[in-house]
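This report refers to the structure that appears directly beneath it.
Since every read-out is calculated from the coordinates, none of them should be taken as a lab result. Note that the coordinates shown come from a computational prediction; the quantities given were computed from them, not determined experimentally. All Cβ positions, even for glycine, are placed from backbone atoms using ideal geometry, and neighbour counts span all protein chains on display.
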Amino acid sequence: MNPLLTISALVRSQILTFRTHKSPEFLDITKEVERVVEECGVREGIALVFSCHTTAAIRINENEPLLLRDMEEFLKRLAPRELYYRHNDFGIRTHNMTPEECPNAHAHLQHLLLGASEAVPIRDGRLALGRWQRIFLVELDRPREREVLVQVVGCA
């Protein structure tokens, strides 16, 4: 019998909530993701870290203060808040409008380039991140509460 067929996989999901303070902001959430992985008991597998928003991204990068400032400025140059965007023109826009709607097309465009998730290998019960790698929730719109889904798949 193939021993791989007898291993049962574990799947655990947890929503983490974070409060952001500015835009753009790179919020290091590595410790919280590590805690979820540790609590679920998976020894080998994958941790999927997923933003539940279209204006907040998940990225892996280095947590170095000057680099973080450079990345913030880079995002501002890619899709400046001040430009005209049809999404922000509430005189013509009719879809997905809410009472608290704000002009945030720049955040959606930045998110398009960054993405909603990262998949991180788990080895020996720990995230297999490189020496300088950290997991960031990237706020692109405005300060508020954000939800991140961490889904761990693997075997104990």
Run through segment 49-156 and list the GluC sites (Glu not before Pro) located in a DSSP loop whose Cβ has at most 13 other Cβ atoms within 10 Å. 82, 100, 101
Cβ-Cβ FRET estimate between residue 86 and residue 119, R0 fixed at 22 Å, reported to 0.05: 0.10
Label zone at residue 112 (point 7 Å along Cα-to-Cβ), backbone N below 16 Å, segment 48-64: 54-57
Between residue 60 and residue 28, what is the label-to-label distance in nm when each label sits 7 Å out along the Cα-to-Cβ direction? 1.7 nm
Please order 30, 55, 17 by the number of other Cβ within 10 Å, starting at the fewest. 17, 30, 55
Would you list 58, 15 from fewest to most Cβ contacts within 10 Å? 15, 58
For the chain, averaging the sequence separation of alpha carbon pairs under 8 Å that lie six or more residues apart and dividing by its residue count, the contact order in percent is 54 percent
Relative to the first principal axis of the alpha-carbon coordinates of the chain, what is the inclination of helix 105-114, with its axis defined by its Cα atoms, in degrees from 0 to 90 and to the nearest 10? 30 degrees
Using the Kirkwood formula on alpha carbons, the hydrodynamic radius of segment 1-134 in angstrom works out to 17.5 Å
